Structure formats: structure tokens, C-alpha cells
1. Identify, by number, the condition in (1) in contact with a helix residue (DSSP H, G or I) (Cβ under 6 Å, 6 or more places away or on another chain); (2) surrounded by 15 or more Cβ atoms within 10 Å (Cβ to Cβ) that K206 doesn't meet.
2. How many residues does region 194-230 contain that are of a type in the set (S, T, N, Q) and in contact (Cβ under 8 Å) with a residue 40 or more places away in the chain?
3. I need the full set of residues from region 162-178 which are more than 17 Å from the chain's Cα centre (by Cα) and either at positive phi or open to solvent by less than 60 Å² (accessible area, probe 1.4 Å) (or both), in order please.
4. Kindly evaluate T129 against the criterion of being closer than 30 Å to G199 by Cα, surrounded by fewer than 19 Cβ atoms within 10 Å (Cβ to Cβ), modelled with pLDDT under 90 and within 31 Å of the chain's Cα centre (by Cα).
5. So R257 ticks every box in (1) closer than 26 Å to P48 by Cβ; (2) at pLDDT below 90 but one. Which box is left unticked?
6. Report yes if M276 is of a type outside the set (S, T, N, Q), at pLDDT below 90 and crowded, with 16+ Cβ neighbours inside 10 Å, otherwise no.
7. What about R158, is it more than 23 Å from P61 (Cβ to Cβ), surrounded by fewer than 17 Cβ atoms within 10 Å (Cβ to Cβ) and modelled with pLDDT under 95?
Amino acid sequence: MAVVQINPLLLDDALDQVLGAALAPERWNSVLERICEATGSFGAHILPLRGKFSPGVPATPSLSEAFEAYFREGWHLQDIRFGCVPHVLRKGVAIEHDISSEDDFRRSSYYNDFLGRFGFRYSAMIGFTTGDTLLSLGLQRTMRDMPFDREEERILTRMRSRLSLAADIMRGISFERLDGMSDAFDMANTPCAFYDRHGRVTRLNKLCESLLDQDIRLVQGELTSRWVEEGVALRGHIKAVVHSVAIADKLASTPVRLSRPGKRPLIVRAQRLRGMPAEIFSHSIAVATVTNLEDRPVPAGKILQILFALTAQEAVVAIQLARGLNHKEIAEALDLGYETVRTHTKSIMAKTDTKRQSEIAALLSGIRLS
């Protein structure tokens, strides 16, 4: 078994290339390959140490087959190497023997059924941060290699500052890009909220901020409703978009309705920000756009009285129906009895030849547009 040593000169040269990768993310894979050469590693990758993550992280091509199986077969949910996290937090670097013994190598399904299938065995994990995100550069050696030792661990620790600087640069670039996107949504008259990989709000554009009130609130980084069930629905929608393949997940593809008594509801739809350079370094990975149904046009009550022979109160109720409010919300907004609103609704439908609330909305909107 050949002894593999870290080459400090080659490693220093490889780390000089890291800042270039921060400005040109497409270079990350080649930089990671240079780091592998300098550290005697078969492959390298970058992963977040906290929170869920998805495929598409920076990694050398030598790990592509293993990474596909890692996610497809669910090994990322049972990766015992995340037991290294306390060691990374304490000293910045962790090596395989911080958490695993030779007995683990012989008996663990992770080492035998997964890593063993690809001939892998020993690893080192170098922790570094950007913002409040803790990342790790993982180095992978094979069964034929020697494990990382304590002297190599001390050398790897010196990598952290340059890795953090590169990550901060990339985070700053993504922040500037989101500034432009936020302004663009404002110009397009579209309220929006940006989310990080934990499902927390990182930014609201000006239009979205203007919608906040006692019913729609931002609480501890979460956009939510005063109605618990709507808040739960929105949380589930955002979580599904951030953590799943959206097209296959009903929660991710189903927009959420947020009620506002006396006003039309808001409709929230989220999606991933695909195409962000080196997404793992970005502070925001998803955006939720907000449709304010209050902006949908409705005619004046007087016009409805003339066109459909509605009473003054029926005209007011018709406008609220067109705004998407239900009977209970209309009753509260207009200080009317629930049954009174139902009676007015039946009369409105009879006079306008409609059968559903959506037909009333479409009819009144068409009148306004014409």
C-alpha cells in the first residue's frame, strides 16, 4: 500500500486558483481536481454541513457516478460522516478516524454497501463559512490509499481562510444579482420574496413589503398568515420547492391563497432560481411571486345597478364576490349577516345569469376592461 503525502507547494498553487473560481464558477471542477492532485485524493466535493441539500453541488467528475447513487439511493440521508460536524466546528477539519474505527469499516453498510462499491474509504472534511452557511470541502481517498493523518490535518486547516474568502465573494456576487432581480420585479409590478435553502425569507421587494399588515406578516424569517392553516400551507409549499423536484411534487406546484378580510386574497407561487452560479454559495435559491387579486379590475357599483338592476347593497356584495372574498369575509367586511350575504348572492346570480362566484368575477372584470 503506497503512502500518499500532501504536496504543500501544489496545494498552495491550487488554492491560488480558488479566487478565480469565485469569479468564474465554471472553473470549480478543475480547481477541485488540482486540489485532489495536491492532496493525494481521488475526488473532492463541496457540501453544506447543515440543512438539506440537493444534487448539483461542485464535485470532480471522478465522483459523478458515486454522487448519482448517493442521492438516488438515499445515502445522503444516512451518511455517517456527518458525525464529523462537531469536530469541524471545534477544530475546522475532521478526518475519518475522528468518527470511525477499523471495526466500522468492516461492519458499516455505508462503508461497505455504498463506499465499498466504488472502492472508496478514507476522507477529510475541511469546514469553511460564508454568511451563516457552514460548508465543507470533502476529500475522498480509496481503499488502496493511506488515511489522512494528523500532520496532514494540520496542513488542511490552513486551507480554510482562502476557501471562505472565495465563498464570500460568490455570495456577494449572488447578492448583487438578486438586487437587480428584486428591482426588476418592482418594475414589473410584481411583489416577490426570496428564500434561502432553509426556507427562510432573505429579502422582500418593495411591493411585497407594502402588502404586509396584521394579516400577512413576516415572522422570524417566515412569510405567513394570521390563519394557521394558510401559514402551514405556505410553509409546505416553500419547503417543497426548496427541497424537492418541483414538477413531481404536488405541494411545490400548488399555489397558496392568503386571506385578507375586506380585500381580495393574495396568491403565492414559488419556484427555484435555476441558473444561479454555484448555487451552494448563494444566499437565496428560490423566489415566490405574489399575485394581488385586489389589482383585478371591477366596475363601479353604480354601473352594476344600472346594467343588472342590482340594489345598492347587492352591487357592493357583487364587487366583494368579484374580489374573491367568501360569504363569511363579506359579512365581516360589510357588517352584514351571513345569511343576508347568501341571499344577496343568489339574487346577484339570478340577475347576472351566473351560477358560480368565478363567473361573477369574470363578468364584472370584463365590464371594467371594456
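The values are calculated or read from the model by the stated rules, or taken from the named source; none is laboratory data. Quick caveat: nothing in here was measured; it's all calculated off a predicted structure. Positions of Cβ are generated from backbone atoms using ideal geometry, with glycine treated the same way; all protein chains shown enter the neighbour counts. Remember, those area values only see protein heavy atoms, side chains included, never the ligands or the DNA or RNA. Shrake-Rupley method; radii C 1.70, N 1.55, O 1.52, S 1.80 Å.
1. (2)
2. Final tally of qualifying residues: 1.
3. Residues satisfying the conditions are L163, S164, A166, A167, I169, M170, G172.
4. yes
5. Of everything listed in (1) closer than 26 Å to P48 by Cβ; (2) at pLDDT below 90, R257 misses just condition (1).
6. It is true that M276 is of a type outside the set (S, T, N, Q), at pLDDT below 90 and crowded, with 16+ Cβ neighbours inside 10 Å.
7. yes
Yes or no, residue by residue, for (1) open to solvent by 60 Å² or more (accessible area, probe 1.4 Å); (2) within 28 Å of the chain's Cα centre (by Cα); (3) within 23 Å of I280 (Cβ to Cβ); (4) among the hydroxyl-bearing types (S, T, Y):
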residue: F71; (1), (2), (3), (4): no, yes, yes, no
residue: I80; (1), (2), (3), (4): yes, yes, yes, no
residue: H87; (1), (2), (3), (4): no, yes, yes, no
residue: D98; (1), (2), (3), (4): no, no, no, no
residue: Y111; (1), (2), (3), (4): no, no, no, yes
residue: R144; (1), (2), (3), (4): yes, no, no, no
residue: E151; (1), (2), (3), (4): yes, no, no, no
